[in-house]
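Engineer: Sharing a structure with you now.
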Amino acid sequence: MENNMVSNQPGCEAVDNAYAAGSPEKPQSDLIAYLKTIDRTWLFIGLVFLAIAIGLPSHLLESVRFTVVNLWSIAPFLLLSATLAGYLEAASADRLIGKVFSERVVLAIVSAAVFGALSPFCSCGVIPLIAALLVAGVPLAAVMAFWVASPIMSPSMFVVTAAGLGAEFAIVKMFSAIAVGLSAGGLTLLLQQVGVFRNPLRSSLVSSCGGDDPAQKIKNAATAWRVWQHPERVEVLWQKTSAMVLFLGKWLTLAFVLESLMVTYVPAELLGQWLGSGSAWAIPLSAVIGVPAYLNGFVAVPVVAGLIENGMTPGAALSFMLAGAMTSIPAAIAVFSLVKRPLFFWYVLLALFGAIAAGWFYQLFLTLN
């Protein structure tokens, strides 16, 4: 109706004729305008599901089921982590926590690596907690130690690995998780001491998307743990929590959609052809291939067991599982959405070289014994 009213005004006929003549200023269609209002990540997820429906119709329901089940399982961690991060910022406690950990950063790195190796988080499940820790001001070096170690091992993963690959392999994998975590935290600390990786989070997660950021109202306020007694702090709590849930939720959804395809369509036989060699390059090659080809921790155990039976060395198997757990494509997508590019590439390098080093050390240990 608005367009009709405008057209009846004097001089608008000439404007309409100009549009009809192909003027570049012609208003876009309602569909294009609407699509521009949709978040690109959600739009891409919809396109992926559309592609599955057209190209792999028999897999559509399974892909939806896999995504929903995994989102449901991770929802408690996502909500708890986002609420914790929102509460700490609303209470103006993030700076206090950052100061406490910064004064004991070496102890924090050691504790984070050990706790990470024993925590029950997968490579995607750890992302909300990482975001909460970084937002809360925990030093990046300690967060990196936990970040790298956590996806490698968990109590349930230890049991499954011991059953499928032997107790020795499970123990080696657990200590490898701690060692890689310590190395990642220590190296990150060294870089931070020369001024690298300041403000690691993307601005889209740290600040509000448009409009006034309610956190600015309490930016320099004293710590107040009773957030509910201050309306402006309650506003910060709600805004920060909901923003983190929506932001991480969309990227985790995309990660699980892609993982649903990988679990089904990455054949173990193909991995066997690539990684079954006992050559000197088998270990680094296993780490590199582990990034795109890794399925998930539990599915990988029987696959790797079959690869070892076909000639894959235990060192290469360990390298494949470590690199895949830390940097699988679904997890990497979530990480890429969370932190700035330099830190993302640093995380990938730490994972790859840590996995390769662990594989070589394990193979050397087996050779000497």
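The values are calculated or read from the model by the stated rules, or taken from the named source; none is laboratory data. As the structure is a prediction and not an experimental result, all values here were calculated from the model. Note that we place each Cβ from the backbone using ideal geometry, even for glycine, and neighbour counts take in every protein chain shown.
Engineer: Evaluate the following for Pro151: is it of a type outside the set (Phe, Trp, Tyr) and modelled with pLDDT of 80 or more? Show your work before the answer.
Structural biologist: On the way: of a type outside the set (Phe, Trp, Tyr): yes; modelled with pLDDT of 80 or more: yes.
Yes: the conditions hold for Pro151.
Engineer: Is one or more of the residues making up segment 337-351 touching a residue at least 12 places away in the same chain (Cβ under 8 Å), not hydrophobic (A, V, I, L, M, F, W, C) and not in a helix (DSSP H, G or I)?
Structural biologist: The answer is yes, given that some residue of segment 337-351 is touching a residue at least 12 places away in the same chain (Cβ under 8 Å), not hydrophobic (A, V, I, L, M, F, W, C) and not in a helix (DSSP H, G or I).
Engineer: Across segment 75-108, what is the total count of residues that are surrounded by fewer than 21 Cβ atoms within 10 Å (Cβ to Cβ), within 18 Å of Phe146 (Cα to Cα) and at pLDDT 75 or above?
Structural biologist: Of the residues in that region, 7 qualify.
Engineer: A further question on this structure: Of the residues in segment 139-172, how many are in a loop (DSSP other than H, G, I, E, B) and either buried (at least 23 other Cβ atoms within 10 Å of the Cβ) or touching a Pro at 6+ places or on another chain (Cβ under 6 Å) (or both)?
Structural biologist: 6
Engineer: Right, something else. Going by the structure shown, is Ile178 assigned to a helix (DSSP H, G or I) and over 21 Å from the mean Cα position of the chain (by Cα)?
Structural biologist: Numbers: assigned to a helix (DSSP H, G or I): yes; over 21 Å from the mean Cα position of the chain (by Cα): no.
Here the answer is no, as Ile178 does not meet what is asked.
Engineer: Examine segment 255-266 for a residue that is modelled with pLDDT of 80 or more, on the phi < 0 side of the Ramachandran plot and crowded, with 18+ Cβ neighbours inside 10 Å, and state whether such a residue exists. Walk me through it before giving the result.
Structural biologist: Residues of segment 255-266 modelled with pLDDT of 80 or more: 257.
Next cut, on the phi < 0 side of the Ramachandran plot only: 257.
With crowded, with 18+ Cβ neighbours inside 10 Å added as a condition, the list becomes 257.
Yes, there is a match, as at least one residue in segment 255-266 is modelled with pLDDT of 80 or more, on the phi < 0 side of the Ramachandran plot and crowded, with 18+ Cβ neighbours inside 10 Å.
Engineer: Further question on the same structure: Go through the residues of segment 300-322 one by one and say whether even a single one is at pLDDT below 65, surrounded by fewer than 23 Cβ atoms within 10 Å (Cβ to Cβ), out of contact with any helix residue (DSSP H, G or I) (no Cβ under 8 Å at 6 or more places or on another chain) and outside any helix (DSSP H, G or I).
Structural biologist: No, that holds for no residue.
Engineer: While we're looking at this one, here's another question. Looking only at residues in segment 134-145 that are hydrophobic (A, V, I, L, M, F, W, C) and under 13 Å from Ile109 (Cα atoms), which one is modelled with the lowest pLDDT?
Structural biologist: Among those residues, the one meeting the criterion is Val138.
Engineer: State whether one or more residues within segment 268-280 are touching a Gly at 6+ places or on another chain (Cβ under 8 Å), hydrophobic (A, V, I, L, M, F, W, C) and either surrounded by fewer than 20 Cβ atoms within 10 Å (Cβ to Cβ) or at pLDDT below 80 (or both).
Structural biologist: For segment 268-280, residues touching a Gly at 6+ places or on another chain (Cβ under 8 Å), hydrophobic (A, V, I, L, M, F, W, C) and either surrounded by fewer than 20 Cβ atoms within 10 Å (Cβ to Cβ) or at pLDDT below 80 (or both): present.
Engineer: Kindly check whether there is at least one residue in segment 215-234 that is modelled with pLDDT under 80, surrounded by fewer than 18 Cβ atoms within 10 Å (Cβ to Cβ) and in contact with a His (Cβ under 7 Å, 6 or more places away or on another chain).
Structural biologist: Scanning segment 215-234 turns up at least one residue that is modelled with pLDDT under 80, surrounded by fewer than 18 Cβ atoms within 10 Å (Cβ to Cβ) and in contact with a His (Cβ under 7 Å, 6 or more places away or on another chain).
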